[in-house]
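J.: Starting off with a structure, shown below.
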Amino acid sequence: METEVSSAPIAPECTCTEQCTEASPNQSCPVCKDDYSACDPTPETSDLTVTVTAPSGWTATGSPYTVDGTTKTATVTLTSDTKGELTPAKKLTITNGTGWTAGEATFTNGTGDSTNGTAAKFTFDVTVTGEESVTIPATALTVADDDGSSTKVTTKVSVTAQGWDLTTVNGSAYNSTTGVEVEENSTVTVVLTQTTAANLAANALKGGTVTASDGTNAVAVTATASTEGKAEVTAADAAIEEATGISDLNTLKGYTIAEGKKLYYGDANHTDATSLDGLTEIASPSEATEYPSLQTGTLTWYLYTPAVEAVTAQAATVTLTFTAIDGTVTISAITAASGT
């Protein structure tokens with residue numbers, strides 16, 4: 001028995017990742033190059049995720065959420081743990097965090113009763129502003145009764161602290177003219193960056209003090225996170241200490257000697273040139289022509305060149321949080337903790 005094989009052509013499939021328009025059809029798509037109205041895009045995906053911890057009485061349905069590779073957004077859904085209509089209706093205040101910002105939340109009330117009804121929901125979009133997955137804590141999501149009114153305040157930020165520049169406010173570039181409009185008593189998050197890279201330990205920033213004022217009264221500001229500052233280092237021993245945290249080269253694994261500003265490493269077997277921790281690159285003993293060696297008795301010393309000439313400068317950052325006010329918060333001084 002013979003089997004008939006269809007000779008009908010296979011219809012092309014849309015390869016777009018974004019919706020085509022009449023003004024800008026995707027000419028590389030086999031469908032849209034001829035008929036943009038037939039566009040059926042498949043959004044790009046990414047490896048980034050948004051993980052949400054819901055506030056008490058609510059569940060982050062579907063968390064962790066996959067971030068759209070094109071828009072870098074994910075839609076978050078908070079579902080009430082109780083079925084039925086909630087009276088009064090609810091509103092959600094979102095405090096943006098480092099690496100993400102959220103759009104306004106939409107509330108859909110539940111229906112029916114607690115046995116047979118549907119549950120109320122909040123939905124909102126989260127935009128990932130960096131290149132890493134983010135986690136949104138329950139403390140960033142505040143659910144309250146909605147009486148139909150909303151109290152907004154405009155908070156402005158001024159930085160007069162010497163050596164620091166304002167980077168972002170609530171995860172976005174700051175407009176000094178308009179400030180930021182936020183819910184009263186919500187949290188404002190400010191990121192500052194060193195004007196010039198200088199050595200400053202992360203724990204010194206978090207353990208230090210911040211002086212801030214609204215023009216009349218002091219404003220309580222907390223340093224919640226920071227990045228270490230590193231000035232350029234040219235001496236070999238300083239670079240190794242920067243990379244390993246060890247100031248005495250003789251305590252490093254194997255044997256090391258410093259000649260001028262070059263660092264040499266050796267071991268009794270003449271083979272292990274990869275046992276130093278913390279260096280970004282280590283010369284291989286087999287590359288003797290590229291990395292010359294020294295011979296002292298039975299021990300061969302191999303030259304380390306990459307990380308010992310300089311450590312790349314890195315400006316420190318400090319993340320500050322304070323309660324929103326209707327006015328200007330001036331950050332006038334940042335004092336690092338002593339003894340760190």
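FYI, it's all coordinate maths here, none of it is from the lab. In this text, all values refer to a predicted model and were calculated from it rather than measured experimentally. When we count neighbours, we look across all protein chains shown, and the Cβ atoms used for this are built from the backbone with ideal geometry, even at glycine.
J.: By its C-alpha gyration tensor, with a ≥ b ≥ c as the square roots of the eigenvalues, how is region 45-145 shaped: rounded for a/c under 1.5, else prolate for a/b larger than b/c, else oblate?
T.: prolate
J.: Take peptides 154-167, 28-41, 95-108 and line them up by average Cβ neighbours within 10 Å, highest first, as a rough protection proxy.
T.: 95-108, 154-167, 28-41
J.: May I ask you to compute the full-extension gain from Asp47 to Thr129, defined as 0.36 nm times their residue separation minus their alpha-carbon distance, rounded to one decimal in nm?
T.: 28.1 nm
J.: Enumerate the amide H contacts of Thr328 below 5 Å, restricted to partners 5 or more residues apart or on another chain; note that Pro and chain-start residues carry no placed amide H.
T.: Sorted by chain and number, the residues that satisfy this are Lys156.
J.: Provide the gained length on full extension for the span Glu22 to Thr160, in nm with one decimal, where the gain is 0.36 nm per separating residue minus the Cα-Cα distance.
T.: Computed gain between Glu22 and Thr160 is 44.6 nm.
J.: Remind me, relative contact order of region 58-185 in percent, using alpha carbon pairs under 8 angstrom and six or more residues apart?
T.: 25
J.: For the pair Ile10 and Thr328, what calculated FRET efficiency results from E = 1/(1 + (r/R0)^6), where r is the Cβ-Cβ distance and R0 = 51 Å, to the nearest 0.05?
T.: So, using R0 = 51 Å, E works out to roughly 0.20.
J.: Give me Val76, Val169 sorted ascending by neighbouring Cβ count inside 10 Å, so fewest comes first.
T.: Val169, Val76
J.: Right, here's the next one. Give the residues of region 132-152 whose amide nitrogen is closer than 18 Å to a point set 7 Å from the Cα of Thr167 in the direction of its Cβ.
T.: Hits in region 132-152 for Thr167 at 18 Å: 132-135.
J.: How large is the dipole of region 86-214 about the Cα centre if only Lys and Arg carry +1 and Asp and Glu carry -1, each at its Cβ, rounded to the nearest 20 debye?
T.: Roughly 220 debye, rounded to the nearest 20.
J.: Sticking with this structure for a sec: If amide H atoms are built 1.01 Å from N in the plane of the peptide, which residues on other chains or at least 5 residues away come under 5 Å of the amide H of Lys90?
T.: Under 5 Å from the amide H of Lys90: Asp146.
J.: Ok, one more. Quick one: order Glu22, Glu85 by neighbouring beta-carbon count within 10 Å, fewest to most.
T.: Glu22, Glu85
J.: Once you've got the Cα coordinates, tell me which of Lys72/Lys156; Lys121/Lys206; Lys91/Lys156; Lys83/Lys206 are over 32 Å apart.
T.: Lys121/Lys206; Lys83/Lys206
J.: May I ask you to compute the full-extension gain from Thr87 to Thr108, defined as 0.36 nm times their residue separation minus their alpha-carbon distance, rounded to one decimal in nm?
T.: 6.3 nm
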